[in-house]
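Engineer: Questions regarding the structure given below will be posed in turn.
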Amino acid sequence: MAPREQWGTRAGFIMAAVGSAVGLGNMWRFPYYTAENGGAVFVFLYLAMTALIGLPIMLAEMTLGRGARQSPIKALEHYGGKRWMPLGFLFVAAGFLILSYYSVIAGWTVRYFIQAVRGFEGAPADLFGSISQGTPAIAFHLGFLAVTIWVVSNGVKGGIERASTLLMPVLFLVVVGIAVYAWTLPGSGEGYSYYIGWNPSEFVKTGADGGFWAQANVISEAAGQAFFSLSLGMGAMLTFSSYLKKDSHLPNESLVIASADFGVAFIAGLMVFPLIFALGLSSAIGESTVGALFITLPRVFQEMGGVTGHVVGTLFFGALTVGALTSAISLLEVVTSSIIDTFGWARKRAAWVMGATAAALGILPAMSTDALGYMDKIAEGLFLVLGALGLGIFVGYVMKDPVGEVSKGTKGIRWFGVWRTLLRFVVPPIVGFVLIVRLRDIALATLAWFE
Ligand code: PHE
């Protein structure tokens with residue numbers, strides 16, 4: 001068997017992992033969850049979730065991956081025996097499912113990127129209506145996935161690392177650049193208070209739409225968003241870490257990745273809302289979450305008009321496409337590497353066959369945004385949460401000597417005991433609670449379908 005592929009450099013690994021984490025979740029979901037759920041109050045809750053459950057799970061995935069030097073299914077078998085392989089299958093299923101609809105949304109962003117280059121015309125709501133479902137959505141979904149497959153088929157170093165090292169710095173520059181530009185616009189100030197004002201009254205859900213479950217939903221959304229945004233609970237970080245050398249410092253890497261991920265999410269809101277308020281379009285925000293990105297922002301670029309509208313719009317949707325691409329790469333890599341390790345297939349064949357399968361599965365969400373929303377509920381709402389719970393329990397209770405494995409490459413860190421305690425006693429109850437809230441939510445959504 002060929003020796004296992006490896007990252008070329010430490011920075012290459014970081015770029016790829018940050019590329020996985022930074023995506024549509026950061027630039028689209030985070031700002032809206034925050035604005036809708038109490039601004040700064042929600043940011044603190046989100047940070048707490050990241051620290052208490054996100055980082056421990058990330059470190060758990062990295063420890064498993066680097067220790068076993070195998071993709072998820074085999075890594076779980078390596079440390080836990082055959083009994084634990086189903087958890088690996090769950091990861092692969094989650095990878096397929098997320099990739100299939102993620103690529104549809106990414107297809108929309110590519111379509112918008114092209115439209116931004118040309119200049120937005122007509123009513124953006126009509127544009128969204130005409131491209132989000134049906135033949136155009138299918139075509140762009142397939143095109144986007146083809147590029148993703150091509151990168152993955154070129155290997156860990158020659159494909160994934162190279163693409164991320166090239167693209168991520170561009171994304172950072174663009175996001176920061178647009179945020180600074182938005183700050184200079186008159187009227188942007190209100191955008192900041194809308195986004196991150198301290199609004200406990202919006203955080204605490206009372207009145208007709210309030211009560212226990214509404215509040216529980218906000219809390220579980222913060223946790224779910226942390227998993228989704230950090231690409232946790234489905235083996236992406238595990239797989240990427242399986243290409244690391246033993247001397248890498250896992251706690252440092254996980255901190256860098258989580259900080260970069262939060263940084264981009266936070267800054268994304270600093271570009272979106274000030275732009276919307278500066279151009280006087282704040283009344284259009286509340287209409288819908290999808291609408292916010294794909295309807296309100298194109299109107300912003302339209303209103304800006306001229307060269308500025310073209311340039312800012314093109315950069316914005318370009319950055320979104322880049323973020324989506326590097327995330328999709330990691331989703332496909334989980335599935336691909338599992339096939340390579342389990343069946344001994346060549347990388348090219350595995351990438352194309354698995355990519356084609358995800359492409360076929362994605363036809364459904366490309367035909368119907370309702371189906372897309374439901375698939376997201378199942379994948380992000382259920383699979384990632386279950387996956388994270390399983391990982392926490394596995395590394396916390398089943399794996400022999402995780403502290404010994406994680407401490408390779410580090411010197412004299414004393415708080416690894418804290419990490420293990422979090423995995424054992426903090427992660428399971430919080431994630432278990434989130435799971436209950438999510439199951440209820442999915443049951444309600446399913447019932448609503450039959451009504
Ligand atoms: N983290 C990515 C984002 O925020 C999505 C993702 C989830 C990627 C799970 C890989 C695995 O968009």
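Only the coordinates and a few stated rules stand behind these numbers; no lab work does. Here the structure is a predicted model, which means the values were calculated and not measured. Cβ sites come from the backbone with ideal geometry, for glycine too, and all protein chains shown count toward neighbours.
Engineer: Return the calculated 222 nm mean residue ellipticity for the chain, to the nearest 500 deg cm²/dmol, obtained by summing -39500 (n - 2.57) across DSSP H runs with n ≥ 4 and dividing by the residue count.
Structural biologist: Working: 23 runs with 322 residues, N = 451.
My calculation for the chain gives -23000 deg cm²/dmol from helical runs alone.
Engineer: If you put +1 on each Lys and Arg Cβ and -1 on each Asp and Glu Cβ, how big is the dipole of region 317-406 around its Cα centre, in Debye rounded to 20?
Structural biologist: Value, rounded to 20: 280 debye.
Engineer: Could you tell me how many degrees, from 0 to 90 and to the nearest 10, lie between the Cα long axis of helix 40-49 and the main elongation axis, the longest principal axis, of the Cα atoms of the chain?
Structural biologist: The two axes meet at around 10 degrees.
Engineer: Sticking with this one: Per residue of region 121-130, what does 6.51 cos²θ - 1.76 cosθ + 1.60 with θ = phi - 60° give for ³J(HN,Hα)? Whole Hz please, x for Gly and Pro, Karplus curve as stated.
Structural biologist: 10, x, 7, x, 5, 5, 4, 4, x, 7
Engineer: Just check region 164-220 against the gyration tensor rule for me: Cα atoms, a ≥ b ≥ c as the square roots of the eigenvalues, rounded for a/c under 1.5, and otherwise prolate or oblate depending on whether a/b exceeds b/c.
Structural biologist: Oblate, since a/c reaches 1.5 and b/c is not below a/b.
Engineer: A follow-up question, please. Can you tell me, using C-alpha contacts under 8 Å and at least 6 residues apart, the relative contact order of region 259-347 as a whole percent? Each step should come with its number before you reach the end.
Structural biologist: On the way: 31 pairs, mean separation 12.9, N = 89.
Normalised by residue count, the contact order of region 259-347 is 14 percent.
Engineer: Only Cα pairs under 8 Å and at least 6 apart count here; give the relative contact order of region 1-139 as a rounded whole percent.
Structural biologist: The value is 10 percent.
Engineer: Mind listing the phi-derived Karplus ³J(HN,Hα) values for region 62-68, rounded to whole Hz, using 6.51, -1.76 and 1.60 with θ = phi - 60°, and x for any glycine or proline?
Structural biologist: Each residue's phi maps through the Karplus curve to give 5, 5, 4, x, 5, x, 7 Hz.
Engineer: Which residues' amide hydrogens lie under 5 Å from the amide hydrogen of Trp198, considering only partners 5 or more residues apart or on another chain, with H built in the peptide plane?
Structural biologist: Distant-sequence amide H within range of Trp198: Ala40.
Engineer: Kindly provide the chymotrypsin sites (Phe, Trp or Tyr not before Pro) of region 307-369 that DSSP labels as loop, not H, G, I, E or B, and whose Cβ sees at most 16 other Cβ atoms within 10 Å. Write down the numbers at each step before the final one.
Structural biologist: Numbers: sites: Phe316, Phe317, Phe343, Trp345, Trp352; in loops: Trp345.
Here the sparse-neighbourhood loop sites are Trp345.
Engineer: Run the simple label-point estimate for Thr410 and Asp370 please: 7 Å along Cα→C-beta, distance reported in nm.
Structural biologist: 4.9
Engineer: What ³J(HN,Hα) values, in whole Hz, does the Karplus curve 6.51 cos²θ - 1.76 cosθ + 1.60 give for region 95-111 when θ = phi - 60°, with x put for Gly and Pro?
Structural biologist: x, 4, 4, 5, 4, 5, 8, 4, 5, 5, 5, 4, x, 4, 5, 4, 4
Engineer: Angle between the Cα long axis of helix 212-229 and the longest principal axis of the chain, 0 to 90 degrees, nearest 10?
Structural biologist: 70
Engineer: Place +1 on the Cβ of every Lys and Arg and -1 on the Cβ of every Asp and Glu in region 1-127, take the dipole about the Cα centre, and give the residue among Val22, Phe120, Gly12 whose Cα lies farthest towards its positive end.
Structural biologist: My answer, from the dipole projection, is Gly12.
Engineer: Output the relative contact order of the chain, whole-number percent, from Cα pairs under 8 angstrom with separation of 6+ residues. Walk me through the numbers before you get to the answer.
Structural biologist: Values: 710 pairs, mean separation 157.7, N = 451.
RCO, the chain: 35 percent.
Engineer: OK, next. In nm, to one decimal, how far is the Thr206 label point from the Leu166 one, both placed 7 Å along Cα→Cβ?
Structural biologist: 5.5
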